[in-house]
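Visitor: Structure below; questions to follow.
The values are calculated or read from the model by the stated rules, or taken from the named source; none is laboratory data. What you are looking at is a predicted structure, and each value in this text was computed from that prediction instead of being measured. Every residue, glycine among them, receives a Cβ derived from its backbone with ideal geometry; neighbour counts consider all protein chains shown.
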Amino acid sequence: MLDFLRKSATSVFAWLILIVLALGFGLTFGLPTDNITMGKATYVSVHGESIGDEEYRYEFNAIRRIARIPQDERFQALIGMKEEVLEASIERELLAELATGMGLSATLRDAEDLTLSGQSIVLGETYEWLGGLEFNYDLFTKSFLPPMQVSEKQYLEYQRKELLARTLRDIVGSGVAVSEGELRRIYDEGANRISLRYARYSPIAFGELVDPSKTQIDAYIETHGDALKAELTKQGARFSKLPKQARVWVLSVDKGDASGDAAGKIASARARLVKGEDFRAVAREISTHDTARRGGDFGWVSESAGTGIDPAVDAALPTLADGKLSEAIEGDKAIYLVQVGGRREGDVPEEDALRELAEEAIKREQGRTLATTAAEEDLAQLASGAPLTEVFAGGAALPGGEDIENAGAKRDPAKVELADTGSFSKGEPIPGLGPVPAIADAVWAAEPDQSMLPQTFEVGDDVVLVGVESKEAATDAGFAEARPLIYKQLVRGKAQMVNARWAHRECLEAKGRGDISASEDKIAKLVSYAQPEAKDGTPPPQPKPYTVCDRVGMRGGLLRPGVDLGGGE
């Protein structure tokens, strides 16, 4: 026995010598890597309490029980998911220490009682993990704890500290004051609700009905030459080093056409075009293609890349001479007529580029005129007593008045459909239209009816007609009923804001005093994310470098919108 002890003592003594030598070497020359450690890795130390892999893993698993964690690492990086998890642990330790220093206490028995009640605290929120069921110890140890990857003792200690942090937050937030004026204002904003109908007249859509003539384009260049040249300078790349392109015009009839005679319709259309009718007019009348509204103008396309309309069209395109109308081209779902309006390659001559820009400008300007005229004529019909169902039957038809004819548009239908905002409260942006003060002032001053307000409004470049469908007004009785809930929500919101700012400041001050220290290298590795491959040699945008305390007070940040306080995964 003594011989065994002597040998053991010798062995222990030898190991002690080796350890001392190793430590001396390490202190002199530095430890070679993080792989040689004397205990668990520590990311942050808060008032002497270490936060390492174990604490981070628990916090992540706890958050995952109540919130939807994004799987895409790019989205994780965008919201700073790993940083939020680490900062949640830091905030818990910081507030628990501050609470203890103020004489507050929470025992393991308190944590046990919280658990027995089926509750758990995560991100400062208390949620029901039992869903109202009676506590069952087997369920707790076999179903609840294992995903947390902590022992029962560790879990209760974390919850004890969460109780301390929650108590301190309650104290800080208890001084929040809410005035009656604030309560009434919030109630009025929510209770005063309105629902609108509106019709939106887009200059771009109406501009598709405009067919500028050569004379109009020449005149526009004459009067707007300097502006067009300035625009050409801005859009120079659009007209330089181009592949071989063709200006394509297309007219199609679906094989499933209601007439049952797509081939006959195409043959009839081709006969009219051969006789000299305008391609744009016939396309607007007959074509089922998406380009019908703008007279079949598909625009400039690369001949090598194709149009994407149909393989049969792409195959025929190179065989067509400029200005020549194709024979009927049978595709998978439709029959087509195609015409090439011109070809170009390399750098576009300035004269041609200016003509293209002038054509686009004329379409925009006349499109706005047409949109305004159409809206005003629809208003005139309503003022004369025409019902909405007549003026907007299946969409508003573009009126065929003399003004519009002179503006250069054909008398083809320009569908302007009625839309409904649904109910929204005063002060909110108008659904579908956005924040438009002129409309908001007008509709809140009006009463519901079956027509439109007698004026047009501008929303961006669009012209809009608006009518009031319904209104709900705030009342004293309604305020009395809603006040308790509004008060509770407002106090909670203000308390969260005060706590967030206070906790963040406390964290920064503690770090400044040295009460919070961090291993920057280990943290950098922890909060790294897989980065997407660089495209065209351009590296992906890098997130803002993280430093400890950046997110303390946010309690989950952008993870919180996904929190389900009912509990469960």
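Visitor: Does any residue of the stretch 300-315 turn out to be within 21 Å of R272 (Cα to Cα), of a type in the set (F, W, Y) and either in the same structural domain as A271 (by TED's automatic domain parsing) or in contact with a Leu (Cβ under 9 Å, 6 or more places away or on another chain) (or both)?
Guide: Scanning the stretch 300-315 turns up no residue that is within 21 Å of R272 (Cα to Cα), of a type in the set (F, W, Y) and either in the same structural domain as A271 (by TED's automatic domain parsing) or in contact with a Leu (Cβ under 9 Å, 6 or more places away or on another chain) (or both).
Visitor: Check every one of the helices (runs of 4 or more DSSP H) wholly within the stretch 1-82 and list those with 1 or more residues that are modelled with pLDDT of 50 or more and not hydroxyl-bearing (S, T, Y).
Guide: The helices (runs of 4 or more DSSP H) meeting that bar are 53-66, 73-79.
Visitor: Scan the stretch 470-486 residue by residue and report those that are surrounded by 16 or more Cβ atoms within 10 Å (Cβ to Cβ) and not in a strand (DSSP E or B).
Guide: A474, F479, A482, I486
Visitor: Another question, if that's okay. Looking at I121, is it of a type in the set (A, V, I, L, M), crowded, with 16+ Cβ neighbours inside 10 Å and part of a strand (DSSP E or B)?
Guide: Judged against the criteria, I121 is a match.
Visitor: Could you check G467 against (1) assigned to a loop (DSSP other than H, G, I, E, B); (2) buried (at least 17 other Cβ atoms within 10 Å of the Cβ); (3) among the small types (G, A, S); (4) under 30 Å from the mean Cα position of the chain (by Cα) and say which number it fails?
Guide: (1)
Visitor: Select from the stretch 181-203 the residues that are assigned to a helix (DSSP H, G or I), among the small types (G, A, S) and more than 25 Å from the chain's Cα centre (by Cα) and list them in ascending order.
Guide: G181, A191
Visitor: Looking at the stretch 158-184 only, could you name the residues that are out of contact with any Ser or Thr (no Cβ under 9 Å at 6 or more places or on another chain) and of a type in the set (D, E, K, R)?
Guide: Passing the criteria: K161, R169, D170, E180, E182, R184.
Visitor: Can you tell me which of (1) exposed (fewer than 15 other Cβ atoms within 10 Å of the Cβ); (2) in contact (Cβ under 8 Å) with a residue 12 or more places away in the chain; (3) within 21 Å of Y546 (Cβ to Cβ) is the one G512 doesn't meet?
Guide: Exception for G512: condition (2).
Visitor: Please find, within the stretch 438-464, the residue that is surrounded by the most Cβ atoms within 10 Å (Cβ to Cβ) out of those that are within 24 Å of the chain's Cα centre (by Cα) and not in a loop (DSSP other than H, G, I, E, B).
Guide: Only one residue tops the list, namely V459.
Visitor: Within the stretch 342-361, can you find the residues that are surrounded by 16 or more Cβ atoms within 10 Å (Cβ to Cβ) and either in contact with a strand residue (DSSP E or B) (Cβ under 6 Å, 6 or more places away or on another chain) or outside the structural domain of V250 (by TED's automatic domain parsing) (or both)?
Guide: Within the stretch 342-361, R344 is the sole residue that qualifies.
Visitor: Which numbered condition in (1) touching a Lys or Arg at 6+ places or on another chain (Cβ under 9 Å); (2) surrounded by fewer than 18 Cβ atoms within 10 Å (Cβ to Cβ); (3) on the phi > 0 side of the Ramachandran plot; (4) not charged (D, E, K, R) is the only one that G131 fails?
Guide: Of everything listed in (1) touching a Lys or Arg at 6+ places or on another chain (Cβ under 9 Å); (2) surrounded by fewer than 18 Cβ atoms within 10 Å (Cβ to Cβ); (3) on the phi > 0 side of the Ramachandran plot; (4) not charged (D, E, K, R), G131 misses just condition (1).
Visitor: Here is a further query. Among the residues of the stretch 127-146, which ones are more than 38 Å from the chain's Cα centre (by Cα), part of a helix (DSSP H, G or I) and in contact (Cβ under 8 Å) with a residue 12 or more places away in the chain?
Guide: Listed by number, the list holds a single entry, F140.
Visitor: What about L98, is it part of a helix (DSSP H, G or I) and either outside the structural domain of A530 (by TED's automatic domain parsing) or surrounded by fewer than 20 Cβ atoms within 10 Å (Cβ to Cβ) (or both)?
Guide: yes
Visitor: Answer with yes or no whether D332 is charged (D, E, K, R), surrounded by 14 or more Cβ atoms within 10 Å (Cβ to Cβ) and without any contact (Cβ under 8 Å) to a residue 60 or more places away in the chain.
Guide: No, not satisfied.
Visitor: Please find, within the stretch 267-302, the residue that is surrounded by the most Cβ atoms within 10 Å (Cβ to Cβ) out of those that are out of contact with any helix residue (DSSP H, G or I) (no Cβ under 6 Å at 6 or more places or on another chain) and assigned to a loop (DSSP other than H, G, I, E, B).
Guide: S287
Visitor: When A386 is evaluated against the numbered criteria (1) at pLDDT 85 or above; (2) buried (at least 18 other Cβ atoms within 10 Å of the Cβ); (3) in a loop (DSSP other than H, G, I, E, B), which criterion, by number, is the only one it fails?
Guide: (2)
Visitor: Would you check which residues across the stretch 187-226 are loosely packed, with under 14 Cβ neighbours inside 10 Å, touching a helix residue (DSSP H, G or I) at 6+ places or on another chain (Cβ under 9 Å) and among the small types (G, A, S) and list them?
Guide: The answer is G225, and nothing else.
Visitor: Looking at the stretch 147-164, which of the residues that are at pLDDT below 95 and under 36 Å from the mean Cα position of the chain (by Cα) is surrounded by the most Cβ atoms within 10 Å (Cβ to Cβ)?
Guide: Out of the qualifying residues, it is M148.
Visitor: Would you tally the residues in the stretch 470-497 being free of Cβ contacts under 8 Å to residues at least 12 places away in the same chain, more than 14 Å from G175 (Cα to Cα) and among the small types (G, A, S)?
Guide: 2
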